[in-house]
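Following: one structure in structure tokens, then a few remarks.
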Amino acid sequence: MRKKRFTVQTVAQCGLLTAMMLVLGFIESLLPVAAGVPGIKLGLSNGVLLFALYMMDAPTAFVLMLLKVLLSGLLFGGVSAMMYAMAGGVLSMIGMILLKKLRFNLLTVSMIGAVLHNLGQVLLAMIILETDRLIYYMAVLLLVGLACGAVTGIAARATIQHMKKLKR
């Protein structure tokens, strides 16, 4: 017998996780992480996606990323921000899903996911602006992505460990 994919509990969990990502994204927009340096954010909502990837499944995490991009774009950012977030989000999620399947640890998955998110955004900007000069900015975003991805990964790992204890 085939298990139902969308139970009431799953839909409720997805609603809560989506709301958490939107709130974290809004809070993050208020924090001056690196004033004057465009594109640098902590990536707090990525912790929620990691939680979904490890505690639920990859398709659910991917749908949550899509919901976050669309809703936060509509609420806070606009079409341009939505395009960049989508480029980064899709590349990041694909990379994180593959790395998880290859059994990389959560911290590594988070760090590479952050770097891939930055890479997706820079590649889209290079296409839109028709310049390859932005590749130099990737060096800065690489280091920042690794650091912020580590922080997000540590937080997600702690949350997942705590949730697993609660399930027992």
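Please treat every number below as a calculation from the coordinates, not as lab data. This one's a predicted model, so the numbers in the text were calculated from it and none came from an experiment. Positions of Cβ are backbone-derived with ideal geometry, glycine not excepted, and every protein chain shown enters the neighbour counts.
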Task: Label zone at K165, where the point sits 7 Å out along the Cα-to-Cβ direction: the stretch 36-78 residues whose backbone N lies under 20 Å - done: 48, 51-52, 54-56
Task: Matching label, volume of the Cα convex hull per residue in Å³ computed from the structure shown, candidates (i) 132; (ii) 113; (iii) 197 - done: (i)
TODO: Neighbouring Cβ atoms within 10 Å as the yardstick, rank K100, K167, K68 fewest first.
DONE: K167, K100, K68
Task: Cα long-axis angle, helix 58-72 against the chain (0 to 90 degrees, to the nearest 10) - done: 50 degrees
Open item on the list: Over the stretch 98-168, what is the relative contact order in percent, taking alpha-carbon pairs closer than 8 angstrom and at least six residues apart?
Closed with: 43 percent
TODO: Express the relative contact order of the chain as a whole percentage, based on alpha carbon pairs under 8 Å and six or more residues apart in sequence.
DONE: 23 percent
Open item on the list: Test of understanding: ordering V122, V69 by Cβ neighbours within 10 Å, fewest first, what list do you get?
Closed with: V122, V69
TODO: Quick one: what are the phi-derived ³J(HN,Hα) couplings along the stretch 17-28, Karplus 6.51/-1.76/1.60 with θ = phi - 60°, whole Hz, x for glycine and proline?
DONE: 5, 5, 4, 4, 5, 5, 5, 4, x, 5, 4, 4
Task: Sites T10 and L107 - FRET efficiency at Förster radius 30 Å, r taken between beta-carbons, to 0.05 - done: 0.65
Open item on the list: Tell me the mean residue ellipticity at 222 nm calculated for the chain from its helices only (DSSP H runs of n ≥ 4, each -39500 (n - 2.57), averaged over every residue, nearest 500).
Closed with: -26500 deg cm²/dmol
Task: Neighbourhood charge, 13 Å Cβ-Cβ cut-off, centred on M93 and excluding it, Lys, Arg +1 and Asp, Glu -1 - done: +2
Task: Sequence of S110, S45, S29 once ranked by neighbouring C-beta atoms within 10 Å, starting from the fewest - done: S29, S45, S110
